[in-house]
Amino acid sequence: MTPQFTSLDQVTQALRTQGWALLAPADVAALAGTPLAQLDALAPGWDTLELDNYLKDGGRYRRRRHSCFVQHVQEDQALAQTPHRAHWQSVEYNALHGGMHRMFAPVLPETVEAPGWQGLLTALGRLFSSVRDEKTWYVEAHQFRIDTADGIGRPTPEGAHRDGVDYVAVALVGRHGIKGGETRIFEADGPNGKRFTMTEPWTMLLLDDATVIHESTPIQPVAAHGHRDTLVVTYRAGGFQGEVQAEMPAEAQAAARGGDA
């Protein structure tokens, strides 16, 4: 299905009323205050992702990196990277992988320091604060590569879901030698939905996580080495998910991580 883009001047209203907005690449660059070429310059960072060893379906189709930040929007607005921490979701939001402390390789410093990365993530924080008056966001950034080395790759093996945050941004970084990967959005408390396929790099979907659920369909190869790269960034008020778990004694944290592996 052909995507129907939201104009930049309508994004705030769209998030408030329908719970999602879809931005064209040129508008993503304009939002970030950076040339599109600076976003494109981030793409080589997806060639260095590390294997996700936590997939409960036994798959080896997902590679990723993950880092966390805090943004104080009404102060200096800059991203402050936190000490590296595990990614955690409750089973309420991720029935497949919830309840696990998943420690992934961090996003590389050269990616975090790049103007495109800084411009985009800080701009998203400002945008979400314009939708809802929050002064501080707890931000998690995930680089994903889903490949077809084993025949089929699953961008969302947990199925249609919410992420347990306030807002989610999903940007297509690139897709090569694949078919599938359709994006589907559904009302969390209603019958309506949308479906489309993001094909242009730096097309970006914005979601109000309380209002909609989302998923991406599996990808299949049409060439020898097919893959789909995305950047997923979540914004949450009040703290990171699993903050209480992160405050467990070191021995208990180590035991939990060992059990997750």
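Every condition in (1) within 18 Å of residue 131 (Cβ to Cβ); (2) without any contact (Cβ under 8 Å) to a residue 24 or more places away in the chain; (3) not aromatic (Phe, Trp, Tyr) holds for residue 189 except the one numbered (1). Exactly one residue out of 141, 105, 169 is aliphatic (A, V, I, L, M) and assigned to a loop (DSSP other than H, G, I, E, B), and it is 105.
One residue alone among 55, 22, 39 is in a loop (DSSP other than H, G, I, E, B), in contact (Cβ under 8 Å) with a residue 24 or more places away in the chain and hydrophobic (A, V, I, L, M, F, W, C), and that residue is 55.
Okay, residues lined up against (1) of a type outside the set (Asp, Glu); (2) open to solvent by less than 20 Å² (accessible area, probe 1.4 Å); (3) under 23 Å from residue 66 (Cβ atoms):
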| site | (1), (2), (3) |
| --- | --- |
| 144 | yes, no, yes |
| 151 | yes, no, no |
| 157 | yes, no, yes |
| 179 | yes, no, no |
| 190 | yes, no, no |
| 213 | yes, no, yes |
| 219 | yes, yes, yes |
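Selection of the range 180-221 for residues being under 22 Å from residue 39 (Cα atoms), not hydrophobic (A, V, I, L, M, F, W, C) and not in a strand (DSSP E or B) yields 181, 197, 199, 200, 201, 203. Considered as a group, the residues in the range 61-94 that are modelled with pLDDT of 85 or more and part of a loop (DSSP other than H, G, I, E, B) include one that is nearest to residue 127 (Cα to Cα), and that residue is 73. Any chance the range 195-206 includes a residue that's open to solvent by less than 50 Å² (accessible area, probe 1.4 Å), in contact with a Phe, Trp or Tyr (Cβ under 9 Å, 6 or more places away or on another chain) and at pLDDT below 95? No, that holds for no residue.
The values are calculated or read from the model by the stated rules, or taken from the named source; none is laboratory data. Predicted model only: the values in this text are computed from it and were never measured. Reconstructed Cβ throughout: ideal geometry from the backbone, glycine too, with neighbour counts over all protein chains shown. Ligands, DNA and RNA are stripped out before the accessible areas are found, and what is left, the full protein with its side chains, is counted by its heavy atoms. Shrake-Rupley method; radii C 1.70, N 1.55, O 1.52, S 1.80 Å.
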